[in-house]
Amino acid sequence: MKYKNKEKVRLQKYMAQCGVASRRHSEELIRAGKVMVNGKTVTQMGVLVSDEDEIRVDGVLIKREEKKVYIMLNKPSGYVTTVSDPRGRRTVLDLIDGVDERIYPVGRLDYDTTGLLLLTNDGDFAYESTHPGKMVAKTYLAEVKGRPSDDKLDMLRYGVDIGGFITSPADVEVIKNKEKSTILKIIIHEGRNRQVKRMCETIGHEVVKLKRTAIGNLTLGKLKTGQWRYLTPREVNLALGRAK
Ligand code: URA
C-alpha cells in the first residue's frame, strides 16, 4: 500500500485540487510570488508537484483533498483487521492493491472470522457505521457447537451479560441443524470485541465458524473470498441502513 499520491501534476492543477482557487486564479497567485514549493518561491508555470512536495500559499501549507473511497472485501480467515501488525501477520490491506488513498478497515473482524468488511478513508462514514448509538445492523452466520434450546436462543434475543456488558436485543434465527452443530443467523446493532462469540459462549454453545454476511442493508453478494471491489454511492447508503 502506498499512501501518498506520487503522481506529478502541474502546480496550478494541484492548487485547484486542494481547493485553493481555480486553475487560472492559481496561475495568478504563482505569478504574484505567493506560492512556495519545498521552501522556494515559484513564479514560473510548468512546475510539477505531488503529495510528496511541501506547498505553501501565502505561507499556509496546502494539502490535496483525498477522494473518498469505499471498498467491500470478502475477508478470508487468517488476516488481521488492522493497517499493520506488530506480530507480522498478514493484514486485510495485503489483499487490496492499486488503491492510492489512505484506507483503513471500518470496525473489526477477528483473525478467523470471514466475510463482509468495509474499508474507507472517510472518517464520518466509519464513525456512523460502527457507533453503537447509530444502530447499523450487522448480520452474521455463526456455526455453534451442539443444538441450542429455544430458551437459550431467547436469551440471545433479549440480551446476555458478556462480562460486564448486557447486549442489546438481537435477531436470532436457526438456519440449519447439522449433526453436531447449528448454523444461526444473528443480527446485532453493536460491535463489542468478539461480541457474537461471547454471546454464544454465554449460552454454552461455542462458535466454531463465523462469517459476516451484511452490514446495514448491504450484503456480500457474489464477491468471492479474498476479493474486493469499490462500493457504488447507493451501496454506501445501503451500508448505513439508509436505503433498501
Ligand atoms: N463477533 C465476533 O465474535 N467476532 C467477530 O469477528 C465479529 C463479531
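What number goes with the only condition from (1) outside any strand (DSSP E or B); (2) surrounded by fewer than 14 Cβ atoms within 10 Å (Cβ to Cβ) that M155 does not pass?
Condition (2) is where M155 drops out.
If only one of E235, E179, E143 is more than 12 Å from the ligand (Cβ to nearest atom) and part of a helix (DSSP H, G or I), which one is it?
E235 is the lone residue from the list that is more than 12 Å from the ligand (Cβ to nearest atom) and part of a helix (DSSP H, G or I).
Could you check Y79 against (1) within 30 Å of G33 (Cβ to Cβ); (2) at pLDDT 95 or above; (3) touching a helix residue (DSSP H, G or I) at 6+ places or on another chain (Cβ under 9 Å) and say which number it fails?
Condition (1) is where Y79 drops out.
Hey, among the residues in the range 182-210 that are surrounded by 17 or more Cβ atoms within 10 Å (Cβ to Cβ) and among the polar types (S, T, N, Q), which one's farthest from Y111 (Cα to Cα)?
T182
If V57 satisfies every condition in (1) within 28 Å of the chain's Cα centre (by Cα); (2) buried (at least 17 other Cβ atoms within 10 Å of the Cβ) but one, which is the exception?
(1)
Restricting attention to the range 114-140, which residues are within 13 Å of the ligand (Cβ to nearest atom), over 13 Å from K75 (Cβ atoms) and of a type in the set (G, A, S)?
If the condition is that a residue be within 13 Å of the ligand (Cβ to nearest atom), over 13 Å from K75 (Cβ atoms) and of a type in the set (G, A, S), then A137 is the only one that fits.
Regarding the range 61-77, can at least one residue be identified that is surrounded by fewer than 19 Cβ atoms within 10 Å (Cβ to Cβ) and at positive phi?
The answer is no; no qualifying residue exists.
The values are calculated or read from the model by the stated rules, or taken from the named source; none is laboratory data. If you're wondering where the values come from, they're calculated on a predicted model, not measured in any experiment. All Cβ positions, glycine included, derive from the backbone under ideal geometry; neighbour counts span all protein chains shown.
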